[in-house]
Amino acid sequence: MAGLELLSDQGYRLDGRKATELRKLQARMGVFTQADGSAYLEQGNTKALAVVYGPHEMRGSRSRTLHDRAVINCQYSMATFSTAERKRRPHGDRKSTEMSLHLKQTFEAAVMTQLYPRSQIDIYVKILQSDGGNYSVCVNAATLAVIDAGIPMRDYVCACTVGFVDETPLADLCYAEESGGVSSLALALLPRGGQIALLQMDARLHQDHLETLIEAAMTACKGVSKVLDEVVRQHLQEASVLTGE
Amino acid sequence: MKDTPLSNCERDFLLKAIEEKKRLDGRQTYDYRKIKISFGTDYGCCFVDLGQTRLSCSHMFAIVCQTEHLCTLSSVFTVRQSELSVKLNRQLERCLRNSKCIDTESLCVVSGEKVWQIRVDVHTLNNDGNLMDAASIAAITALCHFRRPDVSTQGQEVTVYSPEERDPIPLSIYHMPISVSFAFFQQGTYLLVDPCEREERVMDGLLVIAMNKHREICSIQSSGGIMLLKEQVMRCSKIAGVKVSEITELINEALLNDRKARKAGGKCGFAESMPQERITALKKDETPVEMTDVTETANGIIQKGEAAPQTVPSPVVPVPGVGQVGQGLQNSWGLEDDDEDDYEEEKNDNSGDEQVEEVTKMDVGEGGLLFIYLDSLM
């Protein structure tokens with residue numbers, strides 16, 4: 001896109017944010033009563049819905065049961081109306097399968113699966129509106145849903161996508177910035193220990209800038225974790241008020 | 001097909017060896033296996049050997065009608081869309097396509113209408129671990145080796161010249177992204193470069209970093225449920241930088257050799273690159289093993305060692321259908337002696353007859369009698 005400056009001279013981005021500012025994060029937990037855990041999360045214009053079933057007995061192939069821990073199944077799909085052009089194949093294509101694998105990997109690292117041997121936990125995430133940072137929003141929504149389901153985790157899993165423009169890292173990319181050929185790095189972090197659950201980067205970036213980018217991503221993730229923590233505490237307060245404690 | 005699960009003792013052995021910084025094939029922690037690149041007769045066709053992992057890469061190209069003026073570069077891996085193939089496919093796509101290693105604009109034939117479409121097919125012939133690295137080497141080598149036919153356009157008319165009419169043109173490649181895989185063990189305490197198949201089975205997770213020789217990172221992907229620390233990632237990227245420049249050297253050398261061979265008019269192709277493996281000499285070089293005092297050492301060991309165990313004498317066939325090994329000990333079951341003898345004689349007689357009796361019982365005592373009852377039909 002010629003003529004569209006991703007970072008102006010005064011330090012403002014396309015949507016008026018500063019380089020290290022995150023988009024507005026709003027979330028609700030417990031949106032569905034049927035599922036064990038559910039959450040709806042909006043990060044800017046990207047909206048995602050996450051639903052968790054489990055832990056329950058292995059369905060389908062019994063042979064995949066693990067004797068010492070739970071199996072986590074993830075499915076990532078995008079609604080057909082989520083993108084500018086109607087999406088023909090919401091799930092089953094290679095990109096969705098890859099995303100599902102990444103989500104599975106992230107949550108296998110964070111959820112304490114040793115407490116539920118021979119069982120299965122299903123995490124379904126659906127993107128209702130896609131405006132950049134799909135993977136990060138999915139991970140954040142799924143974290144809230146897993147907490148809503150009462151499944152113990154080592155720590156919050158927070159994710160953020162950061163990009164690198166003009167020697168400056170930009171936190172929480174939107175779609176216009178992502179498709180502008182910016183090197184983007186998606187990071188899923190467990191904030192308290194500073195452990196990286198997933199690291200994914202596309203497009204060229206010089207090795208010297210890698211450290212700055214990872215640092216910026218970790219700071220952004222810690223910011224996200226504060227917001228998620230607020231949401232969880234508020235939800236708990238509301239629930240305790242309703243039960244009259 | 002389901003993989004046979006790895007036994008616990010094998011797993012423990014591998015992990016213990018890795019803790020002591022030893023690898024199965026004697027490599028160091030950061031060593032790659034031997035890489036061998038050979039080319040086929042067609043341009044754009046190559047074989048890559050990474051130790052025992054063998055891959056072949058070929059190209060298909062066509063002029064297609066596209067609305068955008070950029071060409072598509074799709075990579076196809078194995079036929080089955082299993083999880084592994086999806087992962088490898090996506091990783092290869094990201095490594096090659098997103099890093100923009102090829103000038104896609106130069107592949108446009110008629111702007112807005114016709115464009116070259118190049119498809120990279122990578123086939124795994126033998127999987128001995130680390131398919132990702134081998135695939136990236138194969139793909140980028142094949143792309144560098146590939147020559148597309150020359151075209152000329154007159155308005156809407158497109159003429160494609162065959163290789164005889166006009167020399168084919170190589171693709172314009174900006175840089176060569178090569179991926180380096182790091183395997184993590186014991187929750188990230190130990191790391192190995194270029195895991196072989198056994199090491200892959202016991203690893204906790206994998207970190208793949210694709211770089212080019214200008215130290216630009218083209219893609220990073222962590223997989224498996226491992227938790228990484230920032231310092232680990234930085235260290236891996238430094239190691240990757242070193243490895244990538246070595247491998248790029250190797251690829252350039254191989255391409256140069258192939259070009260020289262073709263120019264000299266020599267035979268080229270897979271048949272030539274296969275090793276002959278004929279015995280051409282009867283003499284062998286001296287082995288680099290210390291042999292001066294072997295006799296004394298051997299004698300000393302034999303003297304200190306235990307006496308050899310008594311070998312069992314070879315079986316004797318007293319009657320057709322019965323084999324006897326050894327003499328047998330006294331029976332210690334506490335039965336009457338005469339019953340015991342009758343019983344044994346009876347058994348002997350029975351098996352001597354031509355009966356269709358398939359008795360597969362074996363009585364074995366220490367150095368004792370071994371009766372093997374054979375099927376009399378045989």
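Mind checking which of A:TYR116, A:TYR12, A:TYR53 has the largest fluctuation in a GNM of chain A, springs on alpha carbons under 10 Å?
Among A:TYR116, A:TYR12, A:TYR53, the largest GNM mean-square fluctuation belongs to A:TYR12.
In terms of modelled amide H atoms, which long-range or inter-chain residues lie less than 5 Å from the amide H of B:ARG148?
The list, which skips near neighbours in sequence, is B:ILE169, B:LEU171.
Of the residues A:VAL137, A:VAL146, A:VAL71, which exhibits the maximal mean-square fluctuation in a Gaussian network model of chain A defined by a 10 Å Cα contact cut-off?
Per the Cα network of chain A with a 10 Å cutoff, A:VAL71 tops the list.
Say the dipole of region A:25-241 comes from +1 at the beta carbon of Lys and Arg and -1 at that of Asp and Glu; which of A:HIS56, A:CYS74, A:VAL224 then lies farthest toward its positive end?
A:HIS56
Rounding to the nearest 20 debye, state how big the charge dipole of region A:99-226 is about its Cα centre with +1 on each Lys and Arg Cβ and -1 on each Asp and Glu Cβ.
Numbers: 8 positive and 14 negative charges, 131 e Å.
Computed charge dipole of region A:99-226: roughly 620 debye.
Run the dipole for region A:181-245 about the Cα centre, Lys and Arg Cβ at +1, Asp and Glu Cβ at -1, nothing else charged, and hand back the magnitude in debye, nearest 20.
40
Quick one: which of B:LYS21/B:LYS243; B:LYS260/B:LYS283; B:LYS16/B:LYS304; A:LYS95/B:LYS21; B:LYS21/B:LYS230 span more than 27 angstrom between C-alpha atoms?
In this structure, B:LYS260/B:LYS283; B:LYS16/B:LYS304; A:LYS95/B:LYS21 lie more than 27 Å apart at Cα.
With r defined as the distance between the Cβ atoms of B:GLU165 and B:LYS22 and R0 fixed at 60 Å, what FRET efficiency is calculated, to the nearest 0.05?
Working from the Cβ atoms, E equals 0.55.
Read-outs: derived from the displayed coordinates by stated rules, not from any lab. Computed from a predicted structure; not experimentally measured. A quick note on method: Cβ atoms are made from the backbone with ideal geometry, for glycine too, and the neighbour counts reach across all protein chains shown.
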